[in-house]
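The values are calculated or read from the model by the stated rules, or taken from the named source; none is laboratory data. From a predicted model like this one, the values you see are computed outputs, not experimental measurements. Here the Cβ positions follow ideal geometry from the backbone for every residue, glycine too, while neighbour counts run over all protein chains shown. Note: areas computed on protein heavy atoms with side chains; ligands, DNA, RNA excluded. Shrake-Rupley method; radii C 1.70, N 1.55, O 1.52, S 1.80 Å.
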Amino acid sequence: MKTLGFLSFGHWSDQRGSATRTAGEALLQAIDIAQGAEELGLDGAYFRVHHFARQHSSPFPLLAAIGARTSKIEIGTGVIDMRYENPLYMAEDAGAADLISQGRLQLGISRGSPEQVIDGWRYFGYGPAEGESEADMARRHTEVFLQMLRGEGFAEPNPRPMFPNPPGRLRLEPHSDGLIDRIWWGAGSNKTAEWAAKLGMNLQSSTLKDDETGEPFHVQQAAQIRAYREAWKAAGHARSPRVSVSRSIFAITNDLDRMYFGRGGKESDSVGHIEQQRSIFGRSYADEPDRLIEQLKGDEAIQEADTLLLTIPNSLGVDYNLHAIESILTQVAPGLGWR
């Protein structure tokens with residue numbers, strides 16, 4: 001059995017054909033999709049984070065709202081760009097959202113992806129220190145964030161506080177025990193996957209990574225997962241890590257599916273350059289359930305991972321997205337032993 005979740009970009013547009021026309025609709029529909037997915041038996045609701053775009057951006061109000069309206073489903077991100085984050089304030093927000101959801105937060109973070117604007121993190125007041133790259137800055141923010149989640153006191157208390165303090169140095173509040181074990185790093189290369197393992201973070205690997213060998217995407221991604229697990233073992237962590245991959249997978253079961261995704265499994269990997277780095281993009285899957293099952297059996301990375309996130313077309317509306325999720329759960333997952 002695999003843990004199955006959905007991953008939504010939270011797109012909204014007032015263009016013809018969009019069922020999600022405003023930012024408010026995108027947020028409210030996200031809550032409805034998460035509730036409906038929980039009722040269908042899906043395990044997770046995850047959301048992308050993109051700044052300066054007509055997509056989800058500030059995740060914690062949404063995660064807290066879903067946490068208050070659901071009871072079982074994991075809620076998370078894939079991923080928060082740590083170049084933009086104040087790690088202390090983020091630790092408070094994350095602790096609050098996790099407490100509201102009673103320990104269901106699964107927080108994906110990373111160095112970030114190509115942006116809508118040039119150096120957008122500078123508008124948020126952040127910049128690399130002398131000798132740092134922006135990737136170094138993101139990793140520095142991450143290490144501070146992880147330190148805050150450990151819940152150790154670090155701040156010198158005021159001798160004349162407004163309210164009584166516990167003894168010793170103070171930590172950030174609210175603190176949520178166990179959240180530090182539910183932080184995931186979105187790795188775009190084998191090297192950053194190994195770095196995440198050393199720090200004790202779970203691994204999120206999406207449909208984009210550095211093209212390091214020229215092999216098919218799923219083969220490279222499976223190798224990344226194996227390298228991550230070897231690094232985890234070498235680090236000597238006590239717990240077992242979790243690993244997720246994301247895929248666009250659509251079971252064609254009716255005419256509407258066929259209209260939207262009826263390419264019949266003809267998708268393939270693609271290669272391009274992002275910020276001077278040769279990158280490989282994984283294929284999507286769209287076919288009738290029986291053929292889809294056979295195609296997914298050949299995806300090495302899906303077999304290596306314990307968690308699969310289904311990328312959903314949120315702007316097609318709540319009903320269609322729940323139909324797409326239900327089709328995978330009832331007509332594909334059982335044939336692969338996932339249910």
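Overview of values
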quantity	calculated
Where Val79 falls short, out of the listed (1) part of a helix (DSSP H, G or I); (2) open to solvent by 20 Å² or more (accessible area, probe 1.4 Å); (3) in contact with a strand residue (DSSP E or B) (Cβ under 9 Å, 6 or more places away or on another chain)	(1)
Tally, over the stretch 4-42, of residues that are open to solvent by 40 Å² or more (accessible area, probe 1.4 Å), touching a residue at least 12 places away in the same chain (Cβ under 8 Å) and either among the charged types (D, E, K, R) or part of a loop (DSSP other than H, G, I, E, B) (or both)	6
Subset of the stretch 123-136 that is closer than 15 Å to His51 by Cβ and in a helix (DSSP H, G or I) - its residue that is farthest from the chain's Cα centre (by Cα)	Tyr123
Residues located in the stretch 94-122, provided they are more than 17 Å from the chain's Cα centre (by Cα), in a helix (DSSP H, G or I) and not hydrophobic (A, V, I, L, M, F, W, C)	Gly95, Gly120, Arg122
Some residue of the stretch 74-82 being over 17 Å from the mean Cα position of the chain (by Cα) and either of a type in the set (A, V, I, L, M, F, W, C) or modelled with pLDDT of 95 or more (or both)	no
Any pair with Cβ under 8 angstrom, 6 or more apart, that starts in the stretch 268-279 at a residue that is under 11 Å from Leu208 (Cα atoms) and open to solvent by 80 Å² or more (accessible area, probe 1.4 Å) and ends at one that is part of a strand (DSSP E or B) and not polar (S, T, N, Q)	Arg278/Asp210; Arg278/Val271; Arg278/Gly272
Number of the exception - Ala222 against (1) modelled with pLDDT of 95 or more; (2) over 27 Å from His273 (Cβ atoms)	(2)
Close pairs from the stretch 50-76: first farther than 15 Å from Ile33 by Cβ and of a type in the set (A, V, I, L, M), partner open to solvent by less than 30 Å² (accessible area, probe 1.4 Å) and part of a strand (DSSP E or B), Cβ under 6 Å, at least 6 apart	none
